[in-house]
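Novice: Take this structure first; my questions come after.
The values are calculated or read from the model by the stated rules, or taken from the named source; none is laboratory data. Remember, predicted model here, so these are calculated numbers, not experimental data. Cβ placement follows ideal geometry from the backbone for every residue including glycine, while neighbour counts extend to all protein chains displayed. Heads up: the accessible areas ignore ligands, DNA and RNA and are worked out on the full protein's heavy atoms, side chains in. Shrake-Rupley method; radii C 1.70, N 1.55, O 1.52, S 1.80 Å.
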Amino acid sequence: MRITVFNNSGEKSITTAGVLTKKLEQAGFVLDDKHPDVVVTVGGDGTLLSAFHRYADSLSHVRFIGVHTGHLGFYTDWRDFELDDLVDALKQDSGQSVSYPLLDVSLTYDDSTTAHFLALNEATLKRMNGTMRTDVYIKQNFFESFRGDGLCVSTPTGSTAYSKSIGGAVMHPRLDALQVTEIASINNRVFRTLSAPVIIAPDEWVTFRPASGQDFVMTVDQFSTTTPPIVEMKFRIASERIHFARYRHMHFWDRVEDAFIGVKK
Ligand code: NAP
């Protein structure tokens with residue numbers, strides 16, 4: 001098994017990654033950051049996001065494992081004081097994994113060029129210097145004319161990240177679905193949106209067709225860019241999925257409770 005350790009630049013993560021790398025070498029694993037079978041991230045959920053984008057071309061044969069150097073995260077099952085247990089689990093690996101949906105984003109700009117992105121958490125389209133105006137379609141059907149700051153489309157595992165902060169529902173990661181959440185929509189006698197998050201089915205897709213002449217800020221996970229005018233932005237569940245090496249199970253709702261509520265009876 002070829003393994004790579006991918007860490008963030010925090011002092012604790014650098015130290016932990018160094019210790020883990022030594023333990024893996026002593027256990028006889030091959031360390032290979034070009035063609036790994038397993039990517040162990042050391043840091044937080046954000047570090048796992050970065051590793052996902054670094055290895056996005058290899059998703060069909062890479063499994064991820066997250067070690068958190070702070071609190072337990074949503075993509076991180078291991079803590080930094082459990083490295084010996086993690087190495088033992090890797091030694092006994094039989095290929096067990098769990099996989100979750102990803103978001104496929106395709107863009108057409110008004111000069112007819114196109115772009116394509118994969119997101120693990122979410123993609124957003126926003127306007128910073130004026131109201132964003134876009135028509136929203138679900139499948140081929142017109143759904144609403146949106147006016148406001150922007151819209152977010154998230155995966156089930158991304159539902160506990162930005163989407164939750166703007167009023168989205170927390171979705172169980174086993175669901176094959178996408179969630180569209182509004183960012184500060186304008187609702188009055190003239191303009192009307194649903195004003196509630198929408199969760200779409202696996203065989204559905206969402207399209208934004210923005211009014212012409214607007215510039216946008218688009219985010220895909222931790223990346224942010226200003227875009228030239230967009231004719232169409234389409235979101236669907238990707239054919240690719242992210243695979244995690246899963247050696248032990250933590251109940252999803254326990255994780256949610258621990259991360260966001262944390263008041264023990
Ligand atoms: P960051 O601004 O450094 O960190 C954002 C926070 O989001 C971190 O605490 C991170 O956890 C947490 N996070 C990331 N993915 C998560 C998930 N699936 N569920 C629950 N929490 C999650 O940015 P970053 O680390 O590069 O991560 C980019 C992500 O941050 C974006 O995809 C977006 O979802 C999120 N974000 C959220 C807000 C907001 O809630 N207002 C604003 C901007 C960005 P760790 O501490 O474990 O890394």
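Novice: Scan region 239-265 for residues that are hydrophobic (A, V, I, L, M, F, W, C) and in a helix (DSSP H, G or I) and jot them down. Even if it seems obvious, please write down each step before you answer.
Specialist: Initially, region 239-265 is screened for residues hydrophobic (A, V, I, L, M, F, W, C), giving 242, 244-245, 250, 252-253, 256, 259-261, 263.
Passing the criteria: 252, 253, 256, 259, 260.
Novice: Let me ask something else about it. I'd like the residue in region 14-31 that is touching a strand residue (DSSP E or B) at 6+ places or on another chain (Cβ under 6 Å) and not hydrophobic (A, V, I, L, M, F, W, C) and, out of all such residues, is surrounded by the most Cβ atoms within 10 Å (Cβ to Cβ).
Specialist: 16
Novice: I'm trying to understand the selection: among the residues of region 170-194, which are closer than 16 Å to residue 148 by Cα and either of a type in the set (A, V, I, L, M) or exposed (fewer than 12 other Cβ atoms within 10 Å of the Cβ) (or both)?
Specialist: Those that are closer than 16 Å to residue 148 by Cα and either of a type in the set (A, V, I, L, M) or exposed (fewer than 12 other Cβ atoms within 10 Å of the Cβ) (or both): 180, 183, 184, 186, 188, 189, 190, 194.
Novice: Mind listing whichever residues of region 104-129 are over 28 Å from residue 176 (Cα atoms) and open to solvent by less than 50 Å² (accessible area, probe 1.4 Å)? Show your work before the answer.
Specialist: Initial filter on region 104-129 (over 28 Å from residue 176 (Cα atoms)): 109-113, 127-129.
Passing the criteria: 109, 127.
Novice: Can I ask one more? Within region 175-195, count every residue that is touching a residue at least 12 places away in the same chain (Cβ under 8 Å), hydrophobic (A, V, I, L, M, F, W, C) and in a loop (DSSP other than H, G, I, E, B).
Specialist: To start, the set of residues in region 175-195 that are touching a residue at least 12 places away in the same chain (Cβ under 8 Å) comprises 175-186, 191-195.
If we keep only those that are hydrophobic (A, V, I, L, M, F, W, C) too, we end up with 175, 177-178, 180, 183-184, 186, 191, 194.
Then keep just the ones that are in a loop (DSSP other than H, G, I, E, B); that gives 175, 177, 186, 191, 194.
Of the residues in region 175-195, 5 are touching a residue at least 12 places away in the same chain (Cβ under 8 Å), hydrophobic (A, V, I, L, M, F, W, C) and in a loop (DSSP other than H, G, I, E, B).
Novice: State which residue pairs qualify: first residue under 14 Å from residue 150 (Cα atoms) and inside region 204-223, second residue within 16 Å of the ligand (Cβ to nearest atom) and among the aromatic types (Phe, Trp, Tyr) in any location, beta carbons under 6 Å apart, and separation of 6 or more residues or different chains.
Specialist: Note: pairs meeting the criteria are 220/117.
Novice: Further question on the same structure: Of everything in region 42-81, what is near the ligand (Cβ under 10 Å from one of its atoms), open to solvent by less than 30 Å² (accessible area, probe 1.4 Å) and not small (Gly, Ala, Ser)? Give them in sequence order.
Specialist: 47, 48, 49, 68, 69, 75, 76
To keep it simple, each residue is scored yes or no on (1) surrounded by fewer than 19 Cβ atoms within 10 Å (Cβ to Cβ); (2) free of Cβ contacts under 8 Å to residues at least 60 places away in the same chain; (3) within 16 Å of the ligand (Cβ to nearest atom).
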| site | (1), (2), (3) |
| --- | --- |
| 131 | yes, yes, no |
| 138 | yes, no, no |
| 154 | no, yes, yes |
| 163 | no, yes, yes |
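Novice: Can I ask one more? Name the single residue that is nearest to the ligand (Cβ to nearest atom) among those in region 140-152 being open to solvent by less than 10 Å² (accessible area, probe 1.4 Å) and hydrophobic (A, V, I, L, M, F, W, C).
Specialist: By that ranking, first place goes to 152.
Novice: In region 64-96, which residues are touching a residue at least 40 places away in the same chain (Cβ under 8 Å) and in a helix (DSSP H, G or I)?
Specialist: 83, 84, 86, 87, 89, 90, 91
Novice: So, one more: Go through region 44-83 residue by residue and tally those that are acidic (Asp, Glu) and touching a helix residue (DSSP H, G or I) at 6+ places or on another chain (Cβ under 7 Å). It would help to see each step written out before you state the result.
Specialist: Going through region 44-83, the residues acidic (Asp, Glu) turn out to be 45, 57, 77, 80, 82.
Next, only the ones that are touching a helix residue (DSSP H, G or I) at 6+ places or on another chain (Cβ under 7 Å) stay: 80.
Here the count works out to 1.
Novice: May I ask you to list the residues in region 100-129 that are hydrophobic (A, V, I, L, M, F, W, C) and away from the ligand (no atom under 16 Å from the Cβ)?
Specialist: Just the residues of region 100-129 that are hydrophobic (A, V, I, L, M, F, W, C), to begin with: 102-103, 105, 107, 115, 117-120, 123, 125, 128.
The answer is 107, 115.
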